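Note sheet for the following structure.
The values are calculated or read from the model by the stated rules, or taken from the named source; none is laboratory data. Quick caveat: nothing in here was measured; it's all calculated off a predicted structure. Counting neighbours? That spans all protein chains shown, and the Cβs are built from the backbone with ideal geometry, glycine included. Surface areas here come from the heavy atoms of the whole protein model, side chains and all, with no ligands, DNA or RNA. Shrake-Rupley method; radii C 1.70, N 1.55, O 1.52, S 1.80 Å.
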Amino acid sequence: MLLGTQRVNAHGHLEIGGCDAVELARQFGTPLYVMDEQCIRDNCRRYKAAFDARYPKNEISFASKAYLNMAICKLMQQEGIGLDVASAGELYTAVRAGYPMERALLHGNNKSEAELQMALDHGVGRVVVDNFLELRLLAERAKAQGKTQKIFLRVTPGIDPHTHRRIRTGQEDTKFGLSIATGAALDAVTEALGAAPHIQITGIHCHIGSQLLDAHTHEQAIEVMVGFLRRIADVTGWVPEDLDIGGGLGIRYLEGQRPPTYDEFADSVIGALRAALDRHAVPEPTLWQEPGRSLVGEAGVTLYTVGVIKRVAIPEAPGTRTYVAIDGGLSDNPRPQLYDAVYEALVAGKMGEPKDQTVTVAGKHCETDILIPSVQIGNVETGDILAVQSTGAYNYAMASNYNRFTKPACVFVRDGQADLVSRRETLDDVVRLDEIPARLA
Ligand code: LLP
């Protein structure tokens, strides 16, 4: 499974963005997150083009929680993509990168007053209001400061997507948003309209779930959301301008997976949208989306160095298991433990060799941090560089310092050039926040 600009070079090595993966590992050390810049740019352009061709009134914002540093903010700005941030830290990163904040949306189910103030201070384009408390706090602050803040209201369409239970959000039983079914969402719309001019509600928002491998739940959510637009217009007389359906499109982690292409996804989404707008006689809103994983996931590869290889006896066939230990694991990729996530791996320096053995890839934390329970792979030996595919989303972003591991570096590769975009943490970084109180010294 080769993704983005990946190919096998004349040395039989994996090449990404024109850079030899074995050479990248030597130059920058491992573990190393490698992001295929051209692949991200192509994904942004193709996603946007797929929707522009079918429904020109649309806005794409990158869900920065999937992968964020200052370089990606610049890239998204260059590609004309909006930015969804969900915390003070994400917002601050965008501000520090010089991202035009009027193109940003602020999310969060429990935004602090400080976060709401940051949104006002930096002129964030839309605050996606999650609840009544937030609506009141934001209205008070905007009024006191003589400002107008545009908002979306986050609602729950009551759709249960078929994805891992930890990444489902469209169903009724969720901490996010306000229920359409109970009437809470409509009450909040009315309250927001009453808070004009300091609050300017322009639309409604939902996000149903992540890593969705078909567009079925998006279609269902659109029907519910457009029905709600109709109801808002009937009850309040206000016709919302914006409809935000969040993110969620899945990617390929395994060779056999086949998520919808951007064109297929756009066909389904826009087909459902046009049908629902007709059925409910609702004028065309601007369609907003917040893809995260589908813009960056397949663009990322993590490179590890193989250390110990152990064969252990197991009761089931074939009687032995081969543990291939790598120099990272849980701290750079917690997804297998959290979501039973699955990955493909390649021996980056032996791409020409047959994949004739099955191994278990293990991390090096003081946990059973199995990164890949079972993968078909070539002849892997100590010192080889292992490339784990599709780690561009929710890997660097979710990395931790467990066991006081230093966070890996991240490079962008493009046209044979590799540039550091996040440096590797040092051991000094690991202790930089520690204090020894005088009584312990
Ligand atoms: N918009 C909102 C409001 C979201 O909460 C999310 C993701 C997105 C957009 C982007 O969704 P995407 O297009 O990436 O599916 N850590 C988990 C995924 C959590 C998703 C959280 N929200 C994982 O590693 O699978």
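Once the Cα-Cα distance is subtracted from the 0.36 nm per residue extended length, the Thr261 to Gln78 segment shows a gain of 63.5 nm. Close amide H pairs (under 5 Å, H built 1.01 Å from N) link Trp238 with no residue at least 5 positions away or on another chain. Beta bridges per DSSP, both residues in the stretch 107-291: antiparallel share near 5 percent.
Carbon and sulfur together cover what percent of the accessible area of the stretch 202-285 at a 1.4 Å probe radius? Solvent-exposed carbon and sulfur of the stretch 202-285 make up 50 percent of the total. In a fully extended conformation the segment linking Lys175 and Glu316 would gain 46.5 nm over its present Cα-Cα distance, using 0.36 nm per residue.
Using a simple spin-label model with pseudo-atoms 7 Å out from Cα toward Cβ, Asp340 and Phe132 lie 3.9 nm apart.
Under the simplified labelling scheme, the Leu433-Ala275 pair shows an inter-label distance of 4.9 nm, with each label point 7 Å from Cα along Cα→Cβ.
In a fully extended conformation the segment linking Arg26 and Asn109 would gain 25.6 nm over its present Cα-Cα distance, using 0.36 nm per residue. Looking only at the chain, where both bridge partners belong to it, what percent of the DSSP beta bridges are antiparallel (to the nearest 5)? The antiparallel proportion sits near 45 percent. From a point 7 Å beyond the Cα of Ile167 in the direction of its Cβ, which residues of the stretch 303-334 have a backbone N at a distance under 16 Å? Answer for this model: 333-334.
Here the average projected area of the convex hull drawn through the C-alpha atoms of the stretch 107-291 stands at 10.7 nm².
Of all beta bridges that DSSP places with both ends in the stretch 152-252, some 10 percent have antiparallel geometry.
Which one of Gln200, Ala233, Thr156 has its Cα pushed farthest toward the positive end of the charge dipole of the stretch 107-291, where Lys and Arg give +1 and Asp and Glu give -1 at the Cβ? It is Gln200, whose Cα lies furthest towards the positive end. Think of it as helices only: each DSSP H run of n ≥ 4 in the chain is worth -39500 (n - 2.57), and spread over all residues that comes to -9000 deg cm²/dmol at 222 nm. The ratio of the alpha-carbon radius of gyration of the chain to the globular-protein estimate 2.2 N^0.38 Å is 1.05. Close amide H pairs (under 5 Å, H built 1.01 Å from N) link Tyr394 with Tyr67, residues at least 5 positions away or on another chain.
Estimated from the Cβ-Cβ distance and a Förster radius of 35 angstrom, the FRET efficiency linking His11 and Tyr402 is about 0.50. On a per residue basis, the chain carries 42 Å² of accessible surface, using protein heavy atoms and a 1.4 Å probe. Highest GNM mean-square fluctuation among Pro161, Pro318, Pro100, for the chain modelled with Cα contacts below 10 Å: Pro318.
Shown is the FRET efficiency for Leu254 and Gln200, computed with R0 = 45 Å from the Cβ-Cβ distance and rounded to the nearest 0.05: 0.50.
Placing R0 at 25 angstrom, the Cβ-Cβ distance between Leu420 and Thr382 gives a FRET efficiency of 0.40 after rounding to 0.05. In this simple spin-label model, placing a label point 7 Å from the Cα along the Cα-to-Cβ direction at both Ile370 and Trp238 gives a separation of 5.2 nm.
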